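Report on the following structure.
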Number of protein chains: 2
Amino acid sequence: MRDVTHPAAATRAPALGPEDAALAEELFAEIAARSPDTRGVSRPAWSAKETEILDYLTARAEAEGLVVTADALDNRVFCLPEDAGRTPYRLIGSHVDSVPVGGNYDGLAGVIAGLVCLIHQKRAGRGFARPLRVIAMRGEESAWFGPCYMASKALTGTLTPEELEAPHKGDGQPLSAHMAALGVDVAPIAEGRGLLPLDEIAEYLELHIEQGPLLVGEDRPAAVVTGIRGNLRLKEVRALGEPGHSGAVPRSYRRDPVMASAKLLARLDDLWAREVSEGGDLVITSGMMSTDPQHHAMARIPDSLTFSFEIRSQHPETLARVEAALQDEIARLTEETGVTFELPRPIRNAPAKVDAALHEALLAAMERAGQAPYAMASGGGHDAAIFANAGVPTGMVFVRSRGGSHNPDESMEVADLLAGAEILLAHVTTEGA
Amino acid sequence: MRDVTHPAAATRAPALGPEDAALAEELFAEIAARSPDTRGVSRPAWSAKETEILDYLTARAEAEGLVVTADALDNRVFCLPEDAGRTPYRLIGSHVDSVPVGGNYDGLAGVIAGLVCLIHQKRAGRGFARPLRVIAMRGEESAWFGPCYMASKALTGTLTPEELEAPHKGDGQPLSAHMAALGVDVAPIAEGRGLLPLDEIAEYLELHIEQGPLLVGEDRPAAVVTGIRGNLRLKEVRALGEPGHSGAVPRSYRRDPVMASAKLLARLDDLWAREVSEGGDLVITSGMMSTDPQHHAMARIPDSLTFSFEIRSQHPETLARVEAALQDEIARLTEETGVTFELPRPIRNAPAKVDAALHEALLAAMERAGQAPYAMASGGGHDAAIFANAGVPTGMVFVRSRGGSHNPDESMEVADLLAGAEILLAHVTTEGA
């Protein structure tokens, strides 16, 4: 607990304490117990399991005296009684669904952080500088249907008809059918009508576990996010060469897709190193790679190599530059090696800018919460990116987590969650922030 | 048909003609008809199917007046009646087995070329400069049990106990059991006792389809082989990194096995280019490559990449140099990237030297057969390598073939086979050669 007699105490934000930690622990444990998988948890997007979790949160929040409403997607929206119906409002949100065999913190941490802020103030008999709502959203994870950020896209009117009809990877039924089974009217979604009046939202704020190792490496519990990386994804690049006996085809007669692809990635890795050394923001990943298991052999020059290719950056111009370099290197390698490359239609997600003023305000809030201001980029996309790209001033807070994300080894300490929540609380309780 | 009034006719070798072509066509067609697969042919090593093929060849050769004997492996040995039992003898050989869904020419071409030489001379009432035998061997292909050159290894006493107990990839029964089922006494093989008195063999000669594109590219029907490339094989190299979210892990925190392996192969490809530009003999192949299909994803830095790695050269010192370079680059990349590489125990096959005098004699025979002398390396290993490494003076002839080898698209023209056979015939009919 911080020393409230400290000279700076007047500008200090409300400190979260053992009762808030106990509340967060309780919510994480109760929800994990309701959603076990063979390992970790599973909370399918647009499922009755989500509803069960949302019902539990609703009851728990109502027991604390909060007002809870269901929106058109049966997301749940929580607020203090005095803030009910007041606009414009600040919105803190994240999602409750998880990937299969997932971790308990991706998404849920942001919802619980928001609820901890509400309940802490409710218990203390205090309110917020401006009306505040917390939203617990459904379906964000792409693991179930392919599309991601489905709730925030539907709320902002940006879920495409194609996404709405994406088949569930288990039962093959479209997303629209799964939504309808939950009582959602899909007609306005199909028409691209946003379900939420965005002009009533003053700010969208999201806390999320960092999905990388930076805060662990930097020994910091939390950070303010500078921007959300956009990406360019090529799911299956196919390098096509000519098969042959590995001993009998001389170098000058070869068209070897593995060697050509190795050179392609090595050259792009060099470019990546240059970009980073010049201060650029870029990551490049080829996460899936395979020769054809039906035909490959140790003593056979492979006929093809298939690999995924993904680049991410906060800067659209960096994405464009690396995409152009990819095309250039492919053309050069085809000339040099005779190997051709078939590229799928790229999937593009634009970088999302956090609101500059809000970013500064969150850094100031971080300082008021007694933490050294620290900012970093978000590598993963989040519902926040959808709100930001829909024009809502948006900010994000990251919380240190070990074990990555989307797996049972996700490991966040509640003390770190509270550090992140204190940044949000410092912001939403400060007049003029 | 060549002009026999040509001044050089006296030194010309016997020319093969339409009757020989018809014989070869007949043998290829009859054997293909006896060994169909879903596509191409299948003649399993150490099988009753092999016996059926060998029985067919035996009957066909006996019908031409040749003497046929079965050796301790139930390989078949063919000769003119007057050469039966005479030593030392020249031996022309190859194998009758094929890979599954294989082509009709790999192995069989060499057997048929030898038989064409025997039958051509028998029909003409002529003999050979020195006693000649043709051997049709079993089990050469590694596709069935893993080990290759099984017959020639057993004949020369170099089949290892491990190879003798290698399980069949279909029924799991060891090679020894499959041999025993054919009536072969495996005891002397297990004891490493050679089944053939090698000191009785003056020369071992093998004709084989080229398994690469060089003769097609050079527009030549046949070539004399300069040497058989040895190889170093690493069946499964495992590059081990650290998994992570593809967007959330900055470059400096990554240990990406795909990127590190791409650099490794790209650097070895550069070394390869230098070796070749300096006149070296080298090929490098990574024929099988895969991230872990259980865990890989487009948005995940992969935890591992598995790939095969093979180098081949006629020169032991080149193999040693590239192996050392591989180790050096791995050490460097582990330092640079944090990715470690697990290497399996290497499989080594020493390069096989053709006999220098025999090589010259075959080039001279090629000239006497009316062909411009042309020599090239053998990329694949062959039974010839086993005889050569066992100390038998060995020579090889390659015949142009399209479509590579070990697949139904193998495509050799009988005219080219006869060109190769004429080189052999010119050699074995010349006194003092």
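The values are calculated or read from the model by the stated rules, or taken from the named source; none is laboratory data. Since we're looking at a predicted model, the values are computed, not measured. Neighbour counts are summed over all protein chains in view; Cβ atoms, including those assigned to glycine, are modelled from backbone coordinates with ideal geometry. Only protein heavy atoms, including side chains, enter the accessible area calculation; ligands, DNA and RNA are left aside. Shrake-Rupley method; radii C 1.70, N 1.55, O 1.52, S 1.80 Å.
A few notes on this one:
Residue-wise test of (1) of a type in the set (A, V, I, L, M, F, W, C); (2) under 23 Å from the mean Cα position of the chain (by Cα); (3) under 30 Å from A:Gly381 (Cα atoms).
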{"residue": "B:Leu282", "(1), (2), (3)": "yes, yes, no"}
{"residue": "B:Met298", "(1), (2), (3)": "yes, no, yes"}
{"residue": "B:Ser313", "(1), (2), (3)": "no, yes, no"}
{"residue": "B:Arg321", "(1), (2), (3)": "no, no, no"}
{"residue": "B:Ala331", "(1), (2), (3)": "yes, no, no"}
{"residue": "B:Glu335", "(1), (2), (3)": "no, no, no"}
{"residue": "B:Pro344", "(1), (2), (3)": "no, no, no"}
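- Residues satisfying the stated conditions in region A:1-38, i.e. in contact with a strand residue (DSSP E or B) (Cβ under 9 Å, 6 or more places away or on another chain) and at pLDDT below 95: A:Asp37
- Criterion applied to B:Ala202, B:Ala248 was being open to solvent by less than 30 Å² (accessible area, probe 1.4 Å), over 30 Å from A:Tyr253 (Cα atoms) and at pLDDT below 95, and the one residue passing it is B:Ala248.
- Tally of residues being assigned to a helix (DSSP H, G or I) and open to solvent by less than 50 Å² (accessible area, probe 1.4 Å) across region B:162-199: 11
- B:Pro344 fulfils the conditions (1) away from every other protein chain (no Cβ under 12 Å); (2) at pLDDT 95 or above; (3) under 22 Å from B:Val283 (Cβ atoms) except for a single criterion, (1).
- Total residues in region B:386-406 satisfying the condition of being in contact with a helix residue (DSSP H, G or I) (Cβ under 7 Å, 6 or more places away or on another chain) and more than 10 Å from B:Ile209 (Cα to Cα): the figure is 9.
- Filtered residues of region B:217-235 (kept if open to solvent by 20 Å² or more (accessible area, probe 1.4 Å) and within 9 Å of another protein chain (Cβ to nearest Cβ)): B:Gly217, B:Arg229, B:Arg233, B:Lys235
- The lone criterion from (1) at pLDDT 95 or above; (2) open to solvent by less than 30 Å² (accessible area, probe 1.4 Å) left unmet by A:Glu413 is number (2).
- For region B:31-43, a residue qualifies if it is part of a loop (DSSP other than H, G, I, E, B) and open to solvent by 30 Å² or more (accessible area, probe 1.4 Å), and the qualifying residues are B:Asp37, B:Thr38, B:Arg39, B:Gly40.
- Scanning region A:251-280 for residues that are open to solvent by 20 Å² or more (accessible area, probe 1.4 Å), in a loop (DSSP other than H, G, I, E, B) and facing another protein chain (nearest Cβ under 9 Å) returns a single hit, A:Arg254.
- Among the residues listed as B:Gly93, B:Gly102, B:Gly114, the single one being assigned by TED's automatic domain parsing to the domain that holds B:Leu195, touching a strand residue (DSSP E or B) at 6+ places or on another chain (Cβ under 9 Å), farther than 17 Å from B:Ile135 by Cβ and touching a residue at least 60 places away in the same chain (Cβ under 8 Å): B:Gly102
- Here A:Gly230 clears all of (1) at pLDDT 95 or above; (2) under 30 Å from A:Ala375 (Cβ atoms) except the condition numbered (1).
- Residue selected from region B:143-161 under the condition more than 17 Å from B:Pro188 (Cβ to Cβ) and either assigned to a helix (DSSP H, G or I) or in contact (Cβ under 8 Å) with a residue 60 or more places away in the chain (or both), by the criterion least open to solvent (accessible area, probe 1.4 Å): B:Phe145
- Those residues of region A:292-314 which are within 7 Å of chain B (Cβ to nearest Cβ), in contact with a Ser or Thr (Cβ under 7 Å, 6 or more places away or on another chain) and farther than 16 Å from B:Met298 by Cα, in sequence order: A:Met298, A:Ala299, A:Arg300, A:Ile301, A:Pro302
- Verdict on A:Glu140 being closer than 27 Å to A:Met288 by Cα, more than 11 Å from every other protein chain (Cβ to nearest Cβ), crowded, with 16+ Cβ neighbours inside 10 Å and in contact with a strand residue (DSSP E or B) (Cβ under 9 Å, 6 or more places away or on another chain): yes
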